[in-house]
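The block underneath contains the structure these notes are about, expressed in structure tokens.
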Amino acid sequence: MTRSEILTRRRRPLVAMAVAVAFILLAAACGSDSSSSSTATTKATVPSGPAVAIGAQDFPESLVLSEVYKQAFAAAGYSTGVQEVGGFRDLLYGAFGTGDVNFALEYAGSMLNYLAKPEKPAGSDVNANVSQATVLLTPKKIVVAKPSSAVNTNAFVMTKARSEELGITTLSDLAAKGASLKLGAPSDCETNPFCLPGLKSVYGVDLSANLVALDDGRADALVGKQFDVAVLFSTDPPLAGNDFVVLTDDKKLLPADNIVPVMAQALVDAYGQSFVDLVNKVSAALTTATVTEMNKAYVVDKEDASTVASNFLKANGLA
């Protein structure tokens with residue numbers, strides 16, 4: 001990806017788990033006798049075209065979301081599968097170039113940061129980020145679908161108890177309390193424009209004197225009172241409960257990193273608006289909260305990705 005890009009994004013997340021998915025490339029999208037999870041009757045309604053080859057990157061959320069769309073596609077009669085493409089965006093877009101992948105889940109702001117290359121092109125308007133990325137992807141024959149409302153970006157987090165004790169619910173509140181508070185963050189926080197430099201330039205607070213650099217285990221360390229505020233991702237599993245407060249980014253420091261599907265123009269050409277509508281329908285059901293819950297179910301509760309995806313689709317009337 002990288003969402004190494006932490007906001008440059010990602011090295012990736014707090015719980016790095018390898019994507020272990022076997023990709024089965026089916027030969028045809030309809031009228032075939034080859035096995036698939038959809039019935040022959042359903043498949044007869046799908047035009048002939050390429051299998052939907054979903055590129056999953058090497059972090060849990062990508063695997064789970066890929067499984068969600070795979071199951072939705074299969075239920076609608078499309079031949080589909082998931083292929084692991086590693087953790088860097090050059091590998092993902094390289095796979096689009098070779099045709100090994102023709103569909104993937106992206107993050108609007110980070111996608112734009114990667115494609116445009118400047119230090120900080122992405123802003124807090126998701127539609128602006130998507131529009132700019134679309135211009136850059138069109139020559140690559142890649143189409144950007146509608147973004148979901150689910151956002152996975154940096155989150156400045158406090159325990160609920162500490163938030164209530166200090167009266168801090170926004171980043172402006174945090175800035176008003178001064179530089180005495182401790183911040184637990186990844187080791188690149190000192191130079192990341194969406195961490196210490198961003199807090200200083202946008203909110204006028206310098207927390208560098210009390211920075212605790214910690215690349216893993218920040219949620220547990222926050223509960224253990226090793227620091228007052230932690231930098232997590234907004235869909236990290238610990239945030240599924242009620243023990244934490246995500247501080248509101250009231251001055252729009254962080255980019256709009258909404259989850260957004262991207263697909264090869266060849267899929268749109270083959271399957272038309274009905275396929276795009278299906279993609280958008282699934283995306284419309286995603287929220288930051290539901291993605292966080294799915295991440296928890298997969299990472300913490302150890303449910304199979306297929307089960308997590310199936311439960312989500314059923315709960316939202318998509319299966």
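As for segment 193-212, it holds at least one residue that is closer than 27 Å to residue 293 by Cα and not assigned by TED's automatic domain parsing to the domain that holds residue 89. Just to be sure I understand, how many residues within segment 187-205 are over 23 Å from residue 244 (Cα atoms) and either out of contact with any Ser or Thr (no Cβ under 9 Å at 6 or more places or on another chain) or in a loop (DSSP other than H, G, I, E, B) (or both)? Total meeting the criteria: 6.
To keep it simple, each residue is scored yes or no on (1) at pLDDT below 95; (2) assigned by TED's automatic domain parsing to the domain that holds residue 223; (3) farther than 30 Å from residue 164 by Cα.
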residue	(1), (2), (3)
239	no, yes, no
262	no, no, yes
270	no, no, yes
300	no, no, no
307	no, no, yes
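Apart from one condition, residue 219 fits all of (1) among the small types (Gly, Ala, Ser); (2) surrounded by 15 or more Cβ atoms within 10 Å (Cβ to Cβ); (3) more than 19 Å from residue 163 (Cα to Cα); the exception is (3). Among the residues of segment 192-225, those identified as over 19 Å from residue 249 (Cα atoms) and out of contact with any Leu (no Cβ under 8 Å at 6 or more places or on another chain) are 209, 213, 214, 215, 220, 222, 223, 224, 225.
Does residue 134 count as more than 28 Å from residue 229 (Cβ to Cβ) and surrounded by fewer than 20 Cβ atoms within 10 Å (Cβ to Cβ)? When the stated conditions are applied, residue 134 passes them. So, of the residues in segment 237-265 that are closer than 24 Å to residue 126 by Cβ, in contact with a Ser or Thr (Cβ under 7 Å, 6 or more places away or on another chain) and acidic (Asp, Glu), which turns out to be surrounded by the fewest Cβ atoms within 10 Å (Cβ to Cβ)? Across segment 237-265, the extreme among qualifying residues is 250. Would you check if residue 295 is part of a helix (DSSP H, G or I), farther than 30 Å from residue 196 by Cα and modelled with pLDDT of 95 or more? The answer is no for residue 295. Of the residues that sit in segment 160-186 and are outside any helix (DSSP H, G or I), among the hydroxyl-bearing types (Ser, Thr, Tyr) and in contact (Cβ under 8 Å) with a residue 40 or more places away in the chain, which one is nearest to residue 251 (Cα to Cα)? In this case the residue turns out to be 170. A Cβ distance below 8 Å, combined with a sequence gap of six or more or placement on separate chains, defines the contacts here; from segment 293-319, residues that are in contact (Cβ under 8 Å) with a residue 60 or more places away in the chain reach residues that are among the charged types (D, E, K, R) and assigned to a helix (DSSP H, G or I) in the pairs 294/61; 295/61; 305/67; 306/67; 308/67; 309/67; 309/70; 318/281.
Scanning segment 220-239 for residues that are over 22 Å from the mean Cα position of the chain (by Cα) and assigned to a strand (DSSP E or B) turns up just one, 229. Restricted to segment 120-169, and to residues there that are small (Gly, Ala, Ser) and within 22 Å of residue 197 (Cα to Cα), the residue that is nearest to the chain's Cα centre (by Cα) is 155. Taking segment 38-121 and the helices (runs of 4 or more DSSP H) fully enclosed by it, the elements with 3 or more residues that are surrounded by fewer than 19 Cβ atoms within 10 Å (Cβ to Cβ) are at 40-43, 89-98.
The values are calculated or read from the model by the stated rules, or taken from the named source; none is laboratory data. What you see is a predicted model; the values in this text were computed from it and never measured. Every residue, glycine as well, gets a Cβ built from its backbone with ideal geometry; the counts of neighbours run over all protein chains shown.
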